[in-house]
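The values are calculated or read from the model by the stated rules, or taken from the named source; none is laboratory data. Since this is a predicted model, take the numbers as computed values, not measurements. Heads up, the Cβs are rebuilt from the backbone with ideal geometry, glycines too, and the neighbour counts pull from every protein chain shown.
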Amino acid sequence: MTAPARPRRLLPLLTAQQIASLQLDLADPVEYRKSGLSLNHVIGCPLDCSYCIRHIYANFDMKIPRRLMSDEDAVKALTGHKYFRPHVTPIQLFNKATEPMLPVVKPHTFNTLRLLDEQGLTNHALIITRWRVSEEDTAVFNAFQNIKVTVLVTYSGISDSGIEPVDSKIAAASLKTLYANADRYRTVLYWRPIVPGLNDSDLHLNTARELADHAHAAVFTGLFFRDEIADYYKAHDLPSPYEDTARRKIMPEDTEARILDLFRRPADSAERWGPLFRKTSCAVAYAHGLADYNGHYGIRELCDICPKRQLGLCAAAWRAPPSPTPTPSPGPWGRAPRSRSPNGRSSRPAWPNTPATSCSTDTVSRSTTAPTPTASADTAAPRSGGTEGSKEPPPREVLRVAPSPVRR
């Protein structure tokens, strides 16, 4: 099957007035992220998942998908972005404002991938979905000759329809279909969000463990519980899983320990926990047989469960970053000490702009839409050594948040 042609039925375009009413970071189809560039020229989704990232962009109430621009103009904006690098910059498509496999959105998903593929680009292209994927869809994914497509299937097992109205059986079926028909693309079990009292029972964990056998790799992570999402929970009388919000995803330490114990393969010295990862880029890279493009190599708290072969790939890809300009020594928390500017204000040394090719952050991850001090996957300096071959993973510094009682 050849890659799809331009879709015959296009989503309506938003008017200039409607676009002007959007948040600036939603009206701009290309967003710089710590893991690459995110392309989102279709916005709006009817699925109503309570923890959706769309709360952050004040777009949750827009249920009918609409376009900011044509697929062609969106791809031009992406490839012409100052931080885009052909064959290097990871791309996330439709990952913050819509569901890419909805029937009305899917033609644009395929057409955008086609436009990238026809340019001969070999960049990673990530599609995150929880919706239905058919065998016909997998044939389209297999038809792309250049772009490295990874379909990540979001699965949670949450049965509370007030929190997640989409039946997780849909995602489970899509994952199995994708894995059974994969040729040129790869599929990843995106096991998230794992929330205390909702989907962390032994039954939930065992079900996800079985599903992992139908994917090239698996990622597990907790809930992204920001203020905007907590406000939505409160306004709709939904049970709040945590007393406080956090900037990063929350994964209870004891839950992680149970997951690692469930996935552990004592007799497999090469893959003690199988193809299980804490970071998305690690799973995607592993699925394609490549080094992590996000440069996590050497972070003990992440790499301690990685397969030996994957650690070897990442180690071989690592190169020391060039030193741009002399900078002060890090302070006690790994930050550059503050200095006084001529106007007397306290400031930090200026960091050079870094292209969104592949990047790594400090042990405590950061997410931003503007360039930050980063290193590429080729240049990320290794941190403290991991202990992948040990029987037990070393202790991790995990955010400890006491869960409040979950109301049934």
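Might you let me know whether the range 230-245 holds any residue that is over 13 Å from residue 195 (Cβ atoms) and at pLDDT 80 or above?
no
Take the residues in the range 275-298 that are modelled with pLDDT under 95 and over 17 Å from the mean Cα position of the chain (by Cα); name whichever of them is surrounded by the fewest Cβ atoms within 10 Å (Cβ to Cβ).
Result: 298.
Report whether or not residue 88 is farther than 29 Å from residue 167 by Cα, assigned to a loop (DSSP other than H, G, I, E, B), out of contact with any strand residue (DSSP E or B) (no Cβ under 6 Å at 6 or more places or on another chain) and at pLDDT 90 or above.
Considered against the rule, which asks whether it is farther than 29 Å from residue 167 by Cα, assigned to a loop (DSSP other than H, G, I, E, B), out of contact with any strand residue (DSSP E or B) (no Cβ under 6 Å at 6 or more places or on another chain) and at pLDDT 90 or above, residue 88 comes out as yes.
Could you grab the pairs with beta carbons closer than 6 Å, sequence gap of 6+ or different chains, first residue in the range 62-87 and within 18 Å of residue 16 (Cβ to Cβ), second one surrounded by fewer than 13 Cβ atoms within 10 Å (Cβ to Cβ)?
Listed by first residue and then by second, the contacts come to 66/12.
Scanning the range 195-221 for residues that are within 19 Å of residue 165 (Cα to Cα) and among the aliphatic types (A, V, I, L, M), which turns out surrounded by the fewest Cβ atoms within 10 Å (Cβ to Cβ)?
It comes out as 198.
Report the residue count in the range 34-51 for those that are on the phi < 0 side of the Ramachandran plot and in contact with a Cys (Cβ under 9 Å, 6 or more places away or on another chain).
The total comes to 3.
Can you tell which of 237, 254 is outside any loop (DSSP other than H, G, I, E, B) and more than 30 Å from residue 320 (Cβ to Cβ)?
254
Which ones in the range 268-312 are of a type in the set (S, T, N, Q) and either out of contact with any Cys (no Cβ under 8 Å at 6 or more places or on another chain) or not in a loop (DSSP other than H, G, I, E, B) (or both)?
Of everything in the range 268-312, those that are of a type in the set (S, T, N, Q) and either out of contact with any Cys (no Cβ under 8 Å at 6 or more places or on another chain) or not in a loop (DSSP other than H, G, I, E, B) (or both) turn out to be 269, 280, 281, 310.
Output the residues belonging to the range 159-173 that are touching a helix residue (DSSP H, G or I) at 6+ places or on another chain (Cβ under 9 Å) and farther than 15 Å from residue 211 by Cα.
Answer for the range 159-173, where residues must be touching a helix residue (DSSP H, G or I) at 6+ places or on another chain (Cβ under 9 Å) and farther than 15 Å from residue 211 by Cα: 159, 163.
Looking at residue 312 and the list (1) at pLDDT 95 or above; (2) in contact with a strand residue (DSSP E or B) (Cβ under 9 Å, 6 or more places away or on another chain); (3) surrounded by fewer than 21 Cβ atoms within 10 Å (Cβ to Cβ), which single condition is not satisfied?
(2)
Scan 162, 157, 120 and give me the residue that is in contact with a His (Cβ under 8 Å, 6 or more places away or on another chain) and surrounded by fewer than 21 Cβ atoms within 10 Å (Cβ to Cβ). Spell out how you get there, then give the answer.
Details: 157 fails: surrounded by fewer than 21 Cβ atoms within 10 Å (Cβ to Cβ); 120 fails: in contact with a His (Cβ under 8 Å, 6 or more places away or on another chain).
Of the residues listed, the single one that is in contact with a His (Cβ under 8 Å, 6 or more places away or on another chain) and surrounded by fewer than 21 Cβ atoms within 10 Å (Cβ to Cβ) is 162.
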